[in-house]
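Written out below as structure tokens is the structure these notes cover.
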Amino acid sequence: MKDEIGIGIVGFGTVGSGAATILFRNAELIARRVGSSLRVKRIVDRDVTSDRGLALPEGVLGTDLQALMQDASIDIVVELVGGCEVAKRIMLDAIDAGKHVVTANKALLATHGEEVFAAAHRAGVDVGFEASVGGGIPIIQSLTGGLAANRCVSLVGILNGTSNYILTRMKCEGQDFQEALAHAQAAGYAEADPAFDIEGVDAAHKLAIMVSLAYGTPVTMQDIYTEGIQRLTALDIRYASELGMTVKLLGVAKHHGESIEARVHPTMIDSTAPLARVDGVYNAIHVVGDAVGDVMLYGQGAGSLPTGSAVVSDVMDIARNVRQGVRGRVPPTSFHMDCRTPVRIRPMEAVTARYYLRCMVPDQPGVLSRIAGILGDHAIGIASVLQQARREGQTVPVVIMTHRASERAVQTALRTINGLASLVSEPVTLIRVEDQEP
Ligand code: NDP
Ligand code: HSE
């Protein structure tokens, strides 16, 4: 049994410094839980002068990645630089050097996960990636462990802390989009390129990872319909409130026997639903299993210490394996590599939902009935209409809530409506409504 497990960390930014802080601050507790000491041997970053709020022992922080890779006393390499190409090289080099690897990098796993997992499998090393989804929430261990006996009926979650922070600030404080984003960046929640957060890409990366673990199927980013919050307006958020709804950026996966639906987009949910009350940087994931029923996981979805907590949990899990001399006990794909079967992902146009449609129309008689007629021609039923007081000669918003309809029908009807300048002064705003809340 090894008394000491050596750790190397590459990337000493928001998450790297959080993970290192926990490894030093809780070293004794961690050693008692693992049965061996976890010793941070080296931390590599290209910036070794910035104050990270943590005093490291002499000689730990440096810029020499090769020295870290060649250090035989390092058992586990933690990749926390972000991005794809350099991060992949670091992971593969560490695996080649026979080291176990841990990462928080969902972009890397969603795009090159299969390659990394295959390399780790060949080399007989473990891969940990708890921090890649939901920040501090233990969703990966739940899907691969605690919920593994279930067929996954659905997964619905708030998966991006930055977007949720922005939406919360816009709704509760009437803050402007750009101002809320700047706060999220200053707090260390946002990606290096915040477009990943606000365009839904980061949430789609996380949904891809979860779908692949829950259903035992490889998933590519092209499989996941992705729409972000960048076009949401304060007006739509206000209308949602008037309708008793809240707008959240949701990742949704549902099992339909032969196929799975997997999509990320702004979604209206009833304001009394648990997910509607998840505010700020918090994330939540609602899993329905065929045996367990409803399970809801909730916690901080980003930030230094919450994400560091998930990173260190992986390090401890792997350290326990190293101590016992075992590896590959839980495959990173959750299903054994040779027991996975590709499952078809449903195209978005085959999805059905209720829809919020905001049309900016000239305030003239007959306009609403023409829009209703076009929707009716495509078998889209209207559940309710909200129209502001008349303003002769001006453009006014008309909000239509539909009954359940197919995405294909709605998109076709909107193409017709948007093509008629006499009906709408700008493209109709569409927000899908999710009813399947716990
Ligand atoms: P940061 O930018 O805060 O930290 C990354 C650090 O790595 C920076 O100090 C950076 O230096 C350094 N770095 C980049 N490239 C290299 C390189 N080639 N060699 C050495 N050092 C390098 O990012 P985060 O800590 O926020 O994110 C790290 C990872 O964790 C990402 O994959 C992210 O998606 C993921 N993640 C982040 C969360 C968060 O809350 N921030 C939550 C969950 C996951 P420089 O500043 O000079 O570029
Ligand atoms: N940028 C991500 C977010 C970090 O805001 O959720 C956590 O993965």
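Condition test on Ala291, is it in a loop (DSSP other than H, G, I, E, B), open to solvent by 30 Å² or more (accessible area, probe 1.4 Å) and small (Gly, Ala, Ser)? If you could, list the steps in order and put the result at the bottom.
Values: in a loop (DSSP other than H, G, I, E, B): yes; open to solvent by 30 Å² or more (accessible area, probe 1.4 Å): yes; small (Gly, Ala, Ser): yes.
Taking the combined requirement at face value, the residue satisfies it.
Can you tell me which residue among Asp223, Asp197, Asp193, Asp176 is acidic (Asp, Glu) and crowded, with 24+ Cβ neighbours inside 10 Å? Outline the logic, then answer.
On the way: Asp223 fails: crowded, with 24+ Cβ neighbours inside 10 Å; Asp193 fails: crowded, with 24+ Cβ neighbours inside 10 Å; Asp176 fails: crowded, with 24+ Cβ neighbours inside 10 Å.
Only one candidate passes the filter, namely Asp197.
Could you run through region 58-69 and say how many residues are part of a loop (DSSP other than H, G, I, E, B), surrounded by fewer than 10 Cβ atoms within 10 Å (Cβ to Cβ) and on the phi < 0 side of the Ramachandran plot? Show your work before the answer.
Pass one, region 58-69, residues part of a loop (DSSP other than H, G, I, E, B): 58-60, 63-64.
Narrowing the set further to residues that are surrounded by fewer than 10 Cβ atoms within 10 Å (Cβ to Cβ) leaves 58-59.
Still in the running and on the phi < 0 side of the Ramachandran plot: 58.
Result for region 58-69: 1.
Which residue is nearest to Glu227 (Cα to Cα), if the candidates are limited to region 186-196 and must be more than 10 Å from ligand 1 (Cβ to nearest atom) and in a helix (DSSP H, G or I)?
Ala195
In this structure, is Ile380 open to solvent by less than 70 Å² (accessible area, probe 1.4 Å), in a loop (DSSP other than H, G, I, E, B) and over 30 Å from Ala131 (Cβ atoms)? Give the derivation first.
Values: open to solvent by less than 70 Å² (accessible area, probe 1.4 Å): yes; in a loop (DSSP other than H, G, I, E, B): yes; over 30 Å from Ala131 (Cβ atoms): yes.
Taking the combined requirement at face value, the residue satisfies it.
Hey, does region 218-229 have a residue that's within 29 Å of Leu357 (Cβ to Cβ), within 16 Å of ligand 1 (Cβ to nearest atom), within 17 Å of the chain's Cα centre (by Cα) and assigned to a helix (DSSP H, G or I)?
Yes, region 218-229 has at least one match.
The conditions are (1) part of a helix (DSSP H, G or I); (2) in contact with a helix residue (DSSP H, G or I) (Cβ under 7 Å, 6 or more places away or on another chain); (3) surrounded by 19 or more Cβ atoms within 10 Å (Cβ to Cβ), and Val322 fails exactly one of them. Which is it?
Going through (1) part of a helix (DSSP H, G or I); (2) in contact with a helix residue (DSSP H, G or I) (Cβ under 7 Å, 6 or more places away or on another chain); (3) surrounded by 19 or more Cβ atoms within 10 Å (Cβ to Cβ) one by one, Val322 breaks only (2).
I need a count of the residues in region 153-176 that are within 22 Å of His205 (Cβ to Cβ), more than 10 Å from ligand 2 (Cβ to nearest atom) and in a helix (DSSP H, G or I).
Adding up the residues that qualify gives 2.
Take His121 and decide whether it is away from ligand 2 (no atom under 16 Å from the Cβ), open to solvent by 30 Å² or more (accessible area, probe 1.4 Å) and touching a residue at least 40 places away in the same chain (Cβ under 8 Å). Full working, then the answer.
Values: away from ligand 2 (no atom under 16 Å from the Cβ): yes; open to solvent by 30 Å² or more (accessible area, probe 1.4 Å): yes; touching a residue at least 40 places away in the same chain (Cβ under 8 Å): yes.
Criteria met by His121.
For Ile237, are the conditions met, namely being within 16 Å of ligand 1 (Cβ to nearest atom) and of a type in the set (Val, Ile, Thr)?
Working: within 16 Å of ligand 1 (Cβ to nearest atom): no; of a type in the set (Val, Ile, Thr): yes.
Taking the combined requirement at face value, the residue does not satisfy it.
Is it true that Lys2 is in a strand (DSSP E or B), open to solvent by 50 Å² or more (accessible area, probe 1.4 Å) and more than 17 Å from Ala87 (Cβ to Cβ)? Spell out the reasoning first.
Values: in a strand (DSSP E or B): no; open to solvent by 50 Å² or more (accessible area, probe 1.4 Å): yes; more than 17 Å from Ala87 (Cβ to Cβ): yes.
Considered against the rule, which asks whether it is in a strand (DSSP E or B), open to solvent by 50 Å² or more (accessible area, probe 1.4 Å) and more than 17 Å from Ala87 (Cβ to Cβ), Lys2 comes out as no.
If Ala253 passes every condition in (1) buried (at least 20 other Cβ atoms within 10 Å of the Cβ); (2) more than 16 Å from ligand 2 (Cβ to nearest atom); (3) not in a strand (DSSP E or B) but one, which one does it miss?
(3) is the only condition that Ala253 fails.
Out of Arg46, Arg52, Arg33, report the one residue that is at pLDDT 95 or above, closer than 23 Å to Gly135 by Cα, of a type outside the set (S, T, N, Q) and assigned to a loop (DSSP other than H, G, I, E, B).
Working: Arg46 fails: closer than 23 Å to Gly135 by Cα; Arg33 fails: assigned to a loop (DSSP other than H, G, I, E, B).
Matching residue, one of Arg46, Arg52, Arg33: Arg52.
The values are calculated or read from the model by the stated rules, or taken from the named source; none is laboratory data. In this text the structure is predicted, and so the values were computed from the model without any measurement. Backbone-built Cβ (ideal geometry, glycine too); neighbour counts: all protein chains shown. Side chains are part of the model used for accessible areas, which takes the heavy atoms of the whole protein and leaves out ligands, DNA and RNA. Shrake-Rupley method; radii C 1.70, N 1.55, O 1.52, S 1.80 Å.
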